[in-house]
Every structure is written in C-alpha cells, then in structure tokens.
Amino acid sequence: MFNDIGPMELVTLVVLAVLIFGPDKLPKLIQDVSGFIRKIRSFSETAKADIRAELGPEFKDFEFEDLNPKTFVRKQLMDNDDLGLKEIRNSFDLRKDMEEVADAVHGRESVTGSAAATTAANGSAAGVAGTPDLLKKREKLDPGERPPFDADAT
C-alpha cells in the first residue's frame, strides 16, 4: 500500500502526527483509523462475496483482480497461446534483420538459404544472380541513358 514511502518520509509523517494531534490523542486516533480500515475491508469482502453469489456457479473462478487492464491483457495474451502469439513474437528477429541491413550498407553479401548454396557453387558471393553490386562503378553510360542525378553535386 505504501511501497513508495521511504524511511525519512515515514519519520516525518510520525513527527507531524505527534505535533498536530499531540501525544495524548494519537493512540486514540490510530485505533479509530485502524478500525475504519477494518470496516472498509470487511465491507469490500462482503460485496465481493455477494457479487460472486449473484453471478452463479459459472463464474466461480472469477477474480476481481482480472478487471485490472494490465492483468487482463497479461492473462489473455501472454498466458494464452491459442492464437500462436509466441511463434509470431519469436519470428521477429531484429538482430538478423539489422545484420542484413548493415551488410547491404557496407557492400557485404549476407549468406543465407539458397544464396549459400549458390555461393558455395560459384566460390564467391558476387556470383549470385540478380544481386547488384552497389560498390562497382560503371565506366560509361549506355547509349541514350541519362546520367544519374546527384543532389549533392548541384
């Protein structure tokens, strides 16, 4: 209930309570507050029992904590694997995707799947059909071809 209150804050609250209510009235105040909290808890438990009784036997495993949105989502999505969410979650391999992008940027050939077989057959990654060599500059333009536009050169 008071997980975020530190020891210094607790001492400060006790000192303030003693100063405000006085040492003679403080024990009576603590008894009244604890009795009030007990009444609220018993009222809450009685209300929960009445709701469970009214819902019937179909909802005997109903928990009020499940009404918390975080708990509801966790229970429905994380624990329940009827939708195959674990396989979908595991299929996202960002590290592999980032390595492929880095290889493309640096001009290296990422060797995967059928490209590995072709690479082994040809002896180099440059022999893979349909893969342009981004680092190789062409000597001349084809006849009728316009030169590439370079925004940095203008």
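Here the condition is being aliphatic (A, V, I, L, M) and at pLDDT 80 or above; of ALA53, ALA115, ALA121, it holds for ALA53 alone.
Checked against (1) modelled with pLDDT under 80; (2) surrounded by 10 or more Cβ atoms within 10 Å (Cβ to Cβ); (3) not aliphatic (A, V, I, L, M), SER91 passes all but condition (2).
The values are calculated or read from the model by the stated rules, or taken from the named source; none is laboratory data. Every value quoted in this text rests on a predicted model; they were computed, and no experiment measured them. Here the Cβ is made from the backbone with ideal geometry for all residues, glycine too, and neighbour counts use every protein chain on show.
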